[in-house]
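Following: one structure in structure tokens, then a few remarks.
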Amino acid sequence: MAGVQLEHVVREYTMGRTTIRAVDDISFTIPEGKYTIILGASGAGKSTVLNILGGMDSPTSGRVTVNGREISGFNKRQLTEYRRESIGFVFQFYNLMPNLTVLENVELASQICKNPLDARQVLAMVGLGDRLNNFPAQCSGGEQQRGAIARALAKNPDVLLCDEPTGALDYQTGKAILALLYDLCKKSRKRWWWSPTTGRWRRRRTCSFG
Ligand SMILES: Nc1ncnc2c1ncn2[C@@H]1O[C@H](COP(=O)(O)OP(=O)(O)OP(=O)(O)O)[C@@H](O)[C@H]1O
Ligand SMILES: [Mg+2]
């Protein structure tokens with residue numbers, strides 16, 4: 001079944017004699033193409049769930065299925081391939097490489113994937129067409145976040161995961177980033193993609209974000 005399913009997911013961290021239950025028996029389903037927001041108090045386990053969904057961490061128990069593949073049973077090698085091919089991850093503090101330009105940051109990520117989108121086109125789509133050669137330090141916070149989103153999108157991932165993508169931004173820029181993500185999700189669900197070269201909407205084969 002396409003989409004994301006979590007069934008009775010538990011994640012415990014053991015530190016010495018103490019065990020912290022970061023995720024306590026969580027179950028939910030996200031159908032394919034849905035723009036979904038996870039809300040919760042600080043320490044509730046949101047990042048832990050995202051890290052598990054992104055293949056960066058594994059549950060202590062329970063089942064996680066993404067587009068019909070049970071990732072909770074993956075070994076290290078399968079997780080590496082899953083992260084590379086299926087996941088776009090946007091971090092709260094961007095994590096752009098400071099010594100690469102915005103364009104190079106996006107190209108670096110797309111080089112490791114089988115079916116990437118064109119880096120320049122994706123950057124144009126997020127409004128950074130005229131910032132390609134800027135280094136991250138020469139970009140505003142909102143521009144860096146859009147660069148990080150472009151980097152994740154250029155991988156053409158099945159699932160785009162964003163961990164507080166507006167956490168470091170002011171209210172207006174944060175709103176603009178959320179609107180951009182919502183817009184991208186709607187377009188990808190319909191399998192339509194903005195083509196800056198032709199200036200028209202055109203169909204694309206693969207583009208769906210959970
Ligand atoms: N690697 C780890 N080792 C030990 N404890 C951890 C680890 N990662 C997370 N935790 C603990 O698990 C709980 C959930 O953490 P998590 O980062 O998922 O919360 P969160 O909901 O994302 O919080 P925030 O809104 O503050 O980002 C916290 O109590 C945290 O201290
Ligand atoms: Mg968090």
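The values are calculated or read from the model by the stated rules, or taken from the named source; none is laboratory data. Computed from a predicted model, the values in this text were never measured in an experiment. Reconstructed Cβ throughout: ideal geometry from the backbone, glycine too, with neighbour counts over all protein chains shown.
Residues being surrounded by 16 or more Cβ atoms within 10 Å (Cβ to Cβ) and at pLDDT below 90 are represented in the range 118-132 by at least one member. For residues that are among the hydrophobic types (A, V, I, L, M, F, W, C) and either out of contact with any strand residue (DSSP E or B) (no Cβ under 9 Å at 6 or more places or on another chain) or farther than 14 Å from Glu12 by Cα (or both), scanning just the range 47-66, find the one that is farthest from ligand 1 (Cβ to nearest atom). Looking at the filtered set, the residue picked out is Val66.
The rows are residues; the columns are (1) touching a helix residue (DSSP H, G or I) at 6+ places or on another chain (Cβ under 9 Å); (2) part of a loop (DSSP other than H, G, I, E, B).
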{"site": "Asp57", "(1), (2)": "yes, yes"}
{"site": "Arg77", "(1), (2)": "no, no"}
{"site": "Tyr82", "(1), (2)": "yes, no"}
{"site": "Leu103", "(1), (2)": "yes, no"}
{"site": "Leu128", "(1), (2)": "yes, yes"}
{"site": "Leu132", "(1), (2)": "yes, yes"}
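Answer yes if at least one residue in the range 76-84 is under 23 Å from Asp183 (Cα atoms) and either modelled with pLDDT of 95 or more or not polar (S, T, N, Q) (or both), and no otherwise. Among the residues of the range 76-84, not one is under 23 Å from Asp183 (Cα atoms) and either modelled with pLDDT of 95 or more or not polar (S, T, N, Q) (or both), which makes the answer no. Could you tell me which residue of the range 34-46 is farthest from ligand 1 (Cβ to nearest atom), considering only residues that are surrounded by fewer than 17 Cβ atoms within 10 Å (Cβ to Cβ) and among the small types (Gly, Ala, Ser)? Within the range 34-46, the match that is farthest from ligand 1 (Cβ to nearest atom) is Ala41. Count of the range 153-185 residues, restricted to those that are small (Gly, Ala, Ser), surrounded by fewer than 22 Cβ atoms within 10 Å (Cβ to Cβ), in a helix (DSSP H, G or I) and touching a helix residue (DSSP H, G or I) at 6+ places or on another chain (Cβ under 9 Å), is 2.
I'd like to verify a number: residues in the range 96-116 that are free of Cβ contacts under 8 Å to residues at least 60 places away in the same chain and under 21 Å from Ser86 (Cβ atoms), how many?
11
For every residue, the table says whether it meets (1) more than 19 Å from the chain's Cα centre (by Cα); (2) over 23 Å from Gly174 (Cα atoms); (3) acidic (Asp, Glu); (4) away from ligand 2 (no atom under 16 Å from the Cβ).
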| site | (1), (2), (3), (4) |
| --- | --- |
| Ile52 | no, yes, no, no |
| Thr65 | no, yes, no, yes |
| Arg84 | no, yes, no, yes |
| Ile87 | no, no, no, yes |
| Val90 | no, no, no, no |
| Tyr94 | no, no, no, no |
| Glu104 | no, yes, yes, yes |
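The number of residues in the range 30-72 being among the polar types (S, T, N, Q), at pLDDT below 95 and in contact with a Gly (Cβ under 8 Å, 6 or more places away or on another chain) comes to 2.
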